[in-house]
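Data block below; observations after.
Bear in mind that the values in this text are calculations on the coordinates, not laboratory data. None of the values given here were measured: they were computed from a predicted structure. Glycine also receives a Cβ, built like all others from the backbone with ideal geometry; neighbour counts cover every protein chain displayed.
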Amino acid sequence: MTFSRINRVLSATTLGAFLLLSACSQAPEATAQAEKVTEKTAAATTYEPIGIPSGTYVMDKEHGYVTFSYSHFGLSNPQLRFRDIDASVQLDAENLENSKVTALIKSASIDSGVDRFDDHLNSDGWFDTAKFPEITFESTGFTRESQTTGKMTGDLTIMGTTKPITFDVTLLKAFDHPMKKSPYMGLEGRGTLLRSDFGLGKYAPNVTDEVSILISGEFGKSE
């Protein structure tokens with residue numbers, strides 16, 4: 001082996017050893033930085049109490065709304081609602097992920113603002129409310145994303161068909177109601193569904209298959 005080749009081998013070996021030592025010397029610092037990131041992430045997912053106690057909260061029927069909308073030939077976005085709703089929250093104030101929501105809607109209470117259209121929607125060609133008088137929702141999980149927001153999954157049943165649905169949920173406010181003299185909270189949920197999944201897909205795509213849902217309600221602690 002020539003002297004120049006020996007010199008190149010030694011140089012490569014020295015460089016490799018230097019890089020290895022540098023990596024080892026930096027490992028504790030990198031570990032410390034990783035631990036700081038982990039601690040920061042953990043701190044970011046620590047939330048303040050929401051301000052009301054755990055228990056059963058029942059929707060105030062004078063302040064509960066379930067509305068839905070869709071596109072009608074691209075010409076308008078009708079806003080329909082249900083008028084007869086019962087809903088409750090089993091609230092775990094310390095661990096909101098353990099909370100549960102149930103809702104029952106009387107399907108014949110659908111309200112489009114047009115009597116003739118309401119009769120049409122109640123018929124067996126649409127919601128068939130004589131045969132399927134109730135729409136139900138039961139939550140199956142909740143993932144918290146911030147102090148006041150999260151995603152709630154659940155099972156929605158319309159006309160005897162049950163499908164999973166996800167709502168983006170916002171806690172609007174939680175406090176001791178100054179007039180009701182009891183703990184109250186305001187919740188809002190937004191989600192979408194395909195009406196064809198429930199046998200309601202007529203006239204798509206002129207009337208869009210996708211339907212936007214908005215739920216907004218005030219819930220008071222039951223005695």
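Straight-distance candidates among the aspartates and glutamates for linking to K163, with alpha-carbon spacing under 16 Å and chain neighbours fewer than 8 residues away dropped: E134, E138, D155, D197, D209, E210.
Restricting to Cα pairs below 8 Å that are 6+ residues apart, what does the relative contact order work out to for segment 55-221? Please round to a whole percent. Once normalised by length, the contact order is 24 percent.
Label positions at R116 and T140, each projected 7 Å from the Cα along the C-beta direction, are separated by 4.2 nm. Applying a threshold of 31 Å to the alpha-carbon distances of K61/K131; K106/K202; K131/K221; K100/K202; K106/K173; K131/K180 flags K131/K221; K100/K202; K131/K180 as lying beyond it.
In a DSSP loop and with at most 14 other Cβ atoms within 10 Å, the trypsin sites (Lys or Arg not before Pro) in segment 132-221 are K180, K181, K202. Between the C-alpha center of segment 54-116 and that of segment 121-186 there is a gap of 6 Å. Averaging 1/r over every pair of different alpha carbons in segment 55-221 and inverting the result gives a Kirkwood radius of 16.8 Å. Here F219, F117 are placed in order of increasing Cβ neighbour count within 10 Å, fewest first, which gives F117, F219. Placing unit charges on the Cβ atoms only, positive for Lys and Arg and negative for Asp and Glu, gives segment 42-151 a dipole magnitude near 180 debye about its Cα centre.
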